[in-house]
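Here is the structure we will look at.
The values are calculated or read from the model by the stated rules, or taken from the named source; none is laboratory data. Keep in mind that this is a model prediction, so the values were computed, not measured. Because the Cβ atoms are built from the backbone with ideal geometry, glycine has one as well, and the counts that use them run over all protein chains shown.
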Amino acid sequence: MTIRFDDPNRPNSYIGRTVPRPNAGRLVAGRGRYVDDITLPRMVHVAFVRSPHAHARIGAIETGGAEALKGVLRVFTGRDLAEVCTPWEGKLLHLEGMKTPPQHPLALDRACWVGEPVVAVVGRTRADAEAGAALVEIDFGPLPAVTDIRTALDADTPVLHEALGDNLCFRKANEKGEVDRIFAEAHKVVEASFKTARHTGVTLEPRVILVDWNSGDGEMTAHVSNQAPHMLQVLLAGHLDIPESRVRVVCGDVGGSFGLKVHVYPDEVATAAIAKIMERPVKFTSDRMEAFISDIHARDHEATGRVALDETGKILGFDVDDWTGIGPYSIYPRTSAVEGLQVTNLIGGPYAFDHYRCRTSVVFQNKGICAQYRAVGHPVAVAITEGLVDKAAAEMGFDPIEIRRRNLVADDAYPLTTAAGLKLEGLSHHKSLDALVEAMDYAALRAEQKALREKGIHRGIGIASFIELTNPSPFMYGIGGARISAQDGCTVRMDPDGSVVALTGITEQGQGTEAIMAQIVAEAVGVSPQMVRIVTGDTRVTPFGGGTWASRGAGIGGEAALQAGRAVRGQALEVAASLLQAKAGDLDIRDGIIVDADTGEERLALSEVGRIVYFRGDTLPKGLPRELMQTRHFITSNYPYAFTNGVQASYVEVDTETGFVTLLKHWCVEDCGRIINPLLVDEQIRGGIVQGIGAALFEETCYDEEGQLLNGTMADYLVPMSGEMPDMIIRHVETPTEESELGAKGAGEAGTAGAPAAVMNAINDAIRPLGGAVTHMPFTPERILRALGTITD
Amino acid sequence: MTQSFRDRIDLEMTVNGEEVELTVPAGRHLIDVLRLDLGLTGSHVGCEHGVCGACTLIVDGSAVRGCLTLAAQLQGCEVWTIEGLTEGGVIGDLQKAFVERNALQCGYCTPGMLASAKALIEADGVPSRETIREHMSGNYCRCTGYEAIVDAIETVARQRAGETEPQARSGATS
């Protein structure tokens, strides 16, 4: 039996409806349980002494002062922890030629960025530990720092890791067609340089981990603010020499993640190692300064790109050279090469063309480690692509909508493989663009812009089409040898009263995982969502899975939940059929009642099935299957990724006197396949858009030439606040994936993927008549005034 | 004079309507008194320098930052945290609107958001969306993009002012 998704009046039609999130009531009441809220008996706290130098040799370490301080219990150096914890290398085998040196929980001989943990101090309280850390004396011998991206490979630039020979972590060129000939012969070639500033996730809850080691059981329990509990379970087990089955990772409430909390951090592994040594619970809570210097950064890209077009405005090809600096180590276990790699895949993604070249050069530098952060590579690729397309449109006299209509891949052209080699199952660029034009009343907006321009008010409209990678298969990490699961699982159990518990490998960080899983399981079993309790984030009980990242929760975890729920339904119907002397196929479960499928006549309460199975199994025929607990796993196999698509528009006003940008309104039309909960999808997109706006206008982790971070507080690092943010109109097109019965793709990254480009194009639309253009993010008032020629020094 | 007499202070105050007496280190901040000494973990620590608003609380009727307020300032004060505001039912409408509008995702900012919103509505009746956005600009949320929060506050302000049919948008697929 398949679900008739197109019939909103079907029984148990919870998939596709806005239902409230079951865990939201607890959170608004202040009853969340984030890791720092947990206090365990005998718990101690660890604080880290971090390198104040971007690059320095570590000499003598004097710990006597700290150890003498009342309240300090132990002090650990890198050598102490190296005895119980093996180092790691963030490499993937399929990324040919990739290099990165071994990394330890605490630096051994050299510190390679400002903020790298060097010494750990354990105290009775966090204050004790921090006071002790302040008394540790380390004899640092400063070394020259590598900070610039473009000169990182020059002969006269110091080599950061001598054993690697040079500062190149990874390089990949993706090429198809005859790029050189096409660009030489093209009617029009447009070129520009782009920068996306290094910035960071700024989760409101900083990273925090609490690890206990119970030597009696030989079991480690880690409560951690993380998105991938099973990944962490496997890696902690491996590096600390514990069987995987005896490492329990619990991810309860997580105060924001966005990819920042899907990585292995040296200070977190150090905390686990110390817990194992001290045989007691150890907590590490990062403060905000530590967050800025030790959380992953992202997006530190500089690129030059060009697009070739014929006289009708048809795009012939893209040619992009991308450079990115990733800090001194590739992140473990996902690697820091993936953002650059995605750029080489995603340039020109929405468009039909034949000639393609994109190279990325991933270089080491003495700054914080860059890694996967919401919409990995997408904001960079979309900014380059859409910046070039808009520039071409302006120079050739095309309206931005018109040039896109001429070039977007036709909605009936799928499946297809793009020039960059992406296999696309089914997208809806033209439908989405039409919906956008209608939603924003594009013609009226252009008329308003023109009228205001005559009054000296400079407004701009920016469009950005994009594709988004979701539902990754093992092609992303597994084939490279990383122990990161692309499959996911769900166990659904019916309790005697007919209520249901579902345990999923997908995790919740606020996306609404618990809500959508409850909806899916409710529809699959045939009970109301209120009767479904979702359990996430505990490796002791949930099926082995990947967690929530790369917009995989709904598409992969959701399908596993659907299949597990339907398996329980099937078992309940088998039992009911036996009790009613009917055929299971003639029965259905609706709102917790076994009914006649044709007439809807109520036959038996599900609670009666539960009572018989669990308490009076003797009355059922011997051998009748009665497992009201079923587990299903799901993995995608037809496509390496389920791509989604969408288009955004931004409407801005630029104050040409001050360089300030006012965001007037923002639109997004997005196609994430089957929508499970419309409200949650809309709010994912709104949140993602604002995160992208932050990248476009505000966010930059600024380093000086010596590799010192200049803005390590929230007073100095700007994030979007409510006052400057616009209202956003969200619309949808639904093209379900045929890879699964559920048909869901991901929606978590669309907003962040497209917003920076839309804002950039809007600003340039506003200032182009004044002769200016900006392509280096963030677009601060100063950069806009420089583009306008107001500031020239 | 003993060491403990110099660096610890005795404190009497009312927290969530309950009288509390305790002795704390003189450098203790309100947020740590609540979280560490009283076990009230509903208020969260975000930046510890007064910018993010996660620890916003109600002290003597005003919204204050728990991370910028020293315990020593609290002698005789009346403190309300998310736990007490919830039990007292005084922000039940705001909490309901936040849930219905999905004005929270990870929930870490929410207790502080609710405290700031409570203060705004009580001071300003039915504030405009612009006023709401401006007032709430001291509370950082990385998840929602703020629009749902503005919608929820606007809805409650209108409801409390007796507008039977709130004009605030429903938000979803607007």
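Which one of these does A:Val75 not meet: (1) buried (at least 16 other Cβ atoms within 10 Å of the Cβ); (2) in contact with a helix residue (DSSP H, G or I) (Cβ under 6 Å, 6 or more places away or on another chain); (3) β-branched (Val, Ile, Thr); (4) assigned to a loop (DSSP other than H, G, I, E, B)?
(4)
Please count how many residues of the range A:1-38 are facing chain B (nearest Cβ under 7 Å) and over 30 Å from A:Lys261 (Cβ atoms).
Total meeting the criteria: 0.
Just wondering, is there one or more residues in the range A:228-239 that are of a type in the set (S, T, N, Q) and farther than 30 Å from A:Val75 by Cα?
no
Given (1) outside the structural domain of B:Leu34 (by TED's automatic domain parsing); (2) surrounded by 21 or more Cβ atoms within 10 Å (Cβ to Cβ); (3) within 22 Å of A:Leu204 (Cβ to Cβ); (4) among the hydrophobic types (A, V, I, L, M, F, W, C), identify the lone condition not met by B:Ala119.
All conditions are met except number (2).
State whether one or more residues within the range A:449-458 are at pLDDT 95 or above and closer than 19 Å to A:Pro350 by Cα.
No, the range A:449-458 contains no residue that is at pLDDT 95 or above and closer than 19 Å to A:Pro350 by Cα.
Which members of the range A:213-254 meet the condition of being touching a helix residue (DSSP H, G or I) at 6+ places or on another chain (Cβ under 8 Å), part of a loop (DSSP other than H, G, I, E, B), at negative phi and not charged (D, E, K, R)?
Residues satisfying the conditions are A:Ser225, A:Asn226, A:Ile242, A:Pro243, A:Cys251, A:Gly252.
Can you list residue pairs whose Cβ atoms sit under 6 Å apart, with the first residue in the range A:90-108 being crowded, with 23+ Cβ neighbours inside 10 Å and the second being among the β-branched types (Val, Ile, Thr) and assigned to a loop (DSSP other than H, G, I, E, B)? Count only pairs 6 or more apart in sequence or on different chains.
Between residues of the range A:90-108 that are crowded, with 23+ Cβ neighbours inside 10 Å and residues that are among the β-branched types (Val, Ile, Thr) and assigned to a loop (DSSP other than H, G, I, E, B), the close pairs are A:Gly90/A:Thr100; A:Gly90/A:Ile331; A:Gly90/A:Thr335; A:Leu92/A:Thr335.
If only one of A:Asp488, A:Asp434, A:Asp495 is surrounded by fewer than 20 Cβ atoms within 10 Å (Cβ to Cβ) and in contact with a strand residue (DSSP E or B) (Cβ under 7 Å, 6 or more places away or on another chain), which one is it?
Going through A:Asp488, A:Asp434, A:Asp495 in turn, just one is surrounded by fewer than 20 Cβ atoms within 10 Å (Cβ to Cβ) and in contact with a strand residue (DSSP E or B) (Cβ under 7 Å, 6 or more places away or on another chain): A:Asp495.
For the range A:212-247, name all the residues that are among the polar types (S, T, N, Q) and within 14 Å of chain B (Cβ to nearest Cβ).
Once the filter is applied, which keeps residues that are among the polar types (S, T, N, Q) and within 14 Å of chain B (Cβ to nearest Cβ), the range A:212-247 yields A:Ser225, A:Asn226, A:Gln227.
Among all residue pairs at least 6 apart or on different chains, which show Cβ distances below 9 Å where the first residue, located in the range B:20-37, is within 13 Å of chain A (Cβ to nearest Cβ) and the second is surrounded by fewer than 19 Cβ atoms within 10 Å (Cβ to Cβ) and polar (S, T, N, Q)?
B:Leu36/A:Thr39; B:Leu36/A:Thr125
Does the range A:108-126 include one or more residues that are closer than 30 Å to B:Leu36 by Cα and among the acidic types (Asp, Glu)?
Checked the range A:108-126: at least one residue is closer than 30 Å to B:Leu36 by Cα and among the acidic types (Asp, Glu).
Taking the criterion of being in contact (Cβ under 8 Å) with a residue 60 or more places away in the chain and buried (at least 20 other Cβ atoms within 10 Å of the Cβ), would at least one residue in the range B:135-152 satisfy it?
Taking every residue of the range B:135-152 in turn, at least one turns out to be in contact (Cβ under 8 Å) with a residue 60 or more places away in the chain and buried (at least 20 other Cβ atoms within 10 Å of the Cβ).
Under the condition of being crowded, with 17+ Cβ neighbours inside 10 Å and farther than 26 Å from A:Asn711 by Cβ, which residue from the range A:132-145 is farthest from the chain's Cα centre (by Cα)?
Within the range A:132-145, the match that is farthest from the chain's Cα centre (by Cα) is A:Leu135.
For the range A:522-577, which positions are surrounded by 24 or more Cβ atoms within 10 Å (Cβ to Cβ), touching a Gly at 6+ places or on another chain (Cβ under 7 Å) and part of a helix (DSSP H, G or I)?
Passing the criteria: A:Ala524, A:Val525, A:Ala554, A:Gly555, A:Gly557, A:Ala560, A:Arg569.
Counting only residues that are touching a Leu at 6+ places or on another chain (Cβ under 7 Å) and crowded, with 22+ Cβ neighbours inside 10 Å, which one in the range A:736-766 is farthest from A:Leu433 (Cα to Cα)?
A:Leu742
Which members of the range B:127-158 meet the condition of being more than 8 Å from chain A (Cβ to nearest Cβ) and either β-branched (Val, Ile, Thr) or under 16 Å from A:Glu683 (Cα atoms) (or both)?
Residues satisfying the conditions are B:Thr131, B:Asp151, B:Ala152, B:Ile153, B:Thr155, B:Val156.
Mind listing just one residue for me: the one in the range A:720-733 that is among the aliphatic types (A, V, I, L, M) and crowded, with 20+ Cβ neighbours inside 10 Å and, of those, farthest from the other protein chains (Cβ to nearest Cβ)?
Checked the range A:720-733; the qualifying residue farthest from the other protein chains (Cβ to nearest Cβ) is A:Val733.
Checking the conditions here, which among A:Thr619, A:Thr631 is over 14 Å from A:Gly498 (Cα atoms) and out of contact with any strand residue (DSSP E or B) (no Cβ under 6 Å at 6 or more places or on another chain)?
Being over 14 Å from A:Gly498 (Cα atoms) and out of contact with any strand residue (DSSP E or B) (no Cβ under 6 Å at 6 or more places or on another chain) holds for just one of A:Thr619, A:Thr631, which is A:Thr619.
Failed condition for A:Thr147, given (1) outside any loop (DSSP other than H, G, I, E, B); (2) of a type outside the set (Lys, Arg); (3) in contact with a Phe, Trp or Tyr (Cβ under 7 Å, 6 or more places away or on another chain), with all others met?
(1)
Filter the range A:1-60 for residues that are among the hydroxyl-bearing types (Ser, Thr, Tyr) and not in a strand (DSSP E or B) and give the result.
Those that are among the hydroxyl-bearing types (Ser, Thr, Tyr) and not in a strand (DSSP E or B): A:Thr2, A:Ser13, A:Tyr14, A:Thr18, A:Thr39, A:Ser51.
Take B:Asp60 and tell me if it is at pLDDT below 95 and away from every other protein chain (no Cβ under 12 Å).
no
Give, as residue ranges, the strands (runs of 3 or more DSSP E) completely inside the range A:269-350 that count at least 1 residues that are closer than 29 Å to A:His187 by Cβ.
Once the strands (runs of 3 or more DSSP E) in the range A:269-350 are filtered for at least 1 residues that are closer than 29 Å to A:His187 by Cβ, what remains is A:301-309, A:315-325.
Can you report the number of residues in the range A:501-530 which are among the aliphatic types (A, V, I, L, M) and under 26 Å from B:Cys141 (Cα atoms)?
Here the count works out to 5.
Could you tell me whether the range A:640-650 includes any residue that is within 12 Å of chain B (Cβ to nearest Cβ) and either of a type in the set (Val, Ile, Thr) or not in a helix (DSSP H, G or I) (or both)?
No, because not a single residue in the range A:640-650 is within 12 Å of chain B (Cβ to nearest Cβ) and either of a type in the set (Val, Ile, Thr) or not in a helix (DSSP H, G or I) (or both).
If you scan the range A:248-283, which residues turn out to be away from every other protein chain (no Cβ under 14 Å), buried (at least 24 other Cβ atoms within 10 Å of the Cβ), hydrophobic (A, V, I, L, M, F, W, C) and closer than 29 Å to A:Arg552 by Cα?
Within the range A:248-283, A:Val249, A:Val262, A:Val269, A:Ala272 qualify.
Could you run through the range A:652-711 and say how many residues are surrounded by 18 or more Cβ atoms within 10 Å (Cβ to Cβ), part of a loop (DSSP other than H, G, I, E, B) and acidic (Asp, Glu)?
Total meeting the criteria: 2.
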